[in-house]
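Presented below is the structure to which this report refers.
The values are calculated or read from the model by the stated rules, or taken from the named source; none is laboratory data. Small disclaimer: the values here were computed from a predicted structure and weren't measured. Every residue, glycine as well, gets a Cβ built from its backbone with ideal geometry; the counts of neighbours run over all protein chains shown. Each accessible area value is taken on the protein alone, full model and side chains, heavy atoms only, with ligands, DNA and RNA left out. Shrake-Rupley method; radii C 1.70, N 1.55, O 1.52, S 1.80 Å.
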Amino acid sequence: MLSMLYVDTPEEAAAASEAGIDMLSIVDPVWTPEMREAAGDCFVQVGLLYGDLVTVEDYQRAAHRAMQVGGDCVYCASSLGTIKVLADDGIPVVSHIGLIPSKATWTGGFKAVGKTADSAMDVFRHAKALEEAGCFGAELEVVPDRVAAEIAKRTNLILLGMGAGPHADAQYLFAEDVLGYTRGHKPRHAKTYRDFRMELNRLQKERIAAFQEFNAEVASGAYPASEHSVSISDAEFERFVSQITSDKAKER
């Protein structure tokens, strides 16, 4: 079983690499050489954001750029046609089945998918269609665990599970959920291992206090003190004053 995290800072990527996490998901806007270096030996999936990119050419350019920076594959939730073009270009592609956040309207909103036989068949058919389009993997999100197990038996896709039980090839969580500073809704399948929110709140209070102290010292004249200023020898200062005084006299 592989482990996978969604990260969006170099610090998170470096921590994941040091911790031995197998795979990382990093979205294109924050995918940089710095992030590649921080990710170390982790296999990195670069997310091409649906909606920010529209045309096939948009996706092609973004995908090739992501690979040039050092991505190992790209994530694409666009059409099967777009996915096929990327795969035909020789780019390893991961897509998405089950609950697809960018397309949740089509499955009734942000809720589990595959809880009826017909809905589960739709998820399976989608998996097979992605195979045909050239994907090597798919995120499998919020489907019943028994449905996930049956699909896993019948697909060649590497399944990256999020709320899909223990039968996927990887278990995928967001770093913000793991670290306890979730922004927005926290999904049921998320598990928190540390309380970073409390620490971040403490650091914010300390940040405000430090800024207040700086502001007060500027107002009182306590900052800057002599140790914060650059010195000049008496002789050089006297020469400077003499020259500037002489120049001012000449201007008159």
key: Residues satisfying the stated conditions in the stretch 194-226, i.e. open to solvent by less than 100 Å² (accessible area, probe 1.4 Å) and outside any helix (DSSP H, G or I)   = 195, 221, 222, 223, 224, 225
inquiry  = Just to be sure I understand, how many residues within the stretch 64-75 are surrounded by 21 or more Cβ atoms within 10 Å (Cβ to Cβ) and without any contact (Cβ under 8 Å) to a residue 60 or more places away in the chain?
reply    = 3
request  = Just give me the residues in the stretch 76-96 being within 22 Å of residue 152 (Cβ to Cβ), outside any loop (DSSP other than H, G, I, E, B) and without any contact (Cβ under 8 Å) to a residue 60 or more places away in the chain, in sequence order.
outcome  = 76, 80, 83, 87, 93, 95, 96
ask   = In the stretch 171-193, is there at least one residue being part of a helix (DSSP H, G or I), under 30 Å from residue 158 (Cα atoms) and charged (D, E, K, R)?
value = yes
Qualifying positions in the stretch 97-147 - in contact with a strand residue (DSSP E or B) (Cβ under 6 Å, 6 or more places away or on another chain), open to solvent by less than 10 Å² (accessible area, probe 1.4 Å) and assigned to a helix (DSSP H, G or I) = 123, 127, 130
note = Checked the stretch 7-25 for anything in contact (Cβ under 8 Å) with a residue 24 or more places away in the chain, outside any helix (DSSP H, G or I) and either farther than 17 Å from residue 193 by Cα or open to solvent by 50 Å² or more (accessible area, probe 1.4 Å) (or both); matches are 8, 22, 23, 25
note = Within the stretch 36-53, the residues that are within 17 Å of residue 94 (Cα to Cα), modelled with pLDDT of 95 or more and part of a loop (DSSP other than H, G, I, E, B) are 42
key: Residue list for the stretch 26-35, filter: modelled with pLDDT under 95 and open to solvent by 60 Å² or more (accessible area, probe 1.4 Å)   = 29
remark   = Among 229, 246, the single one that is open to solvent by 60 Å² or more (accessible area, probe 1.4 Å) and among the polar types (S, T, N, Q) is 229
ask   = In this structure, does residue 114 turn out to be small (Gly, Ala, Ser) and modelled with pLDDT of 95 or more?
value = no
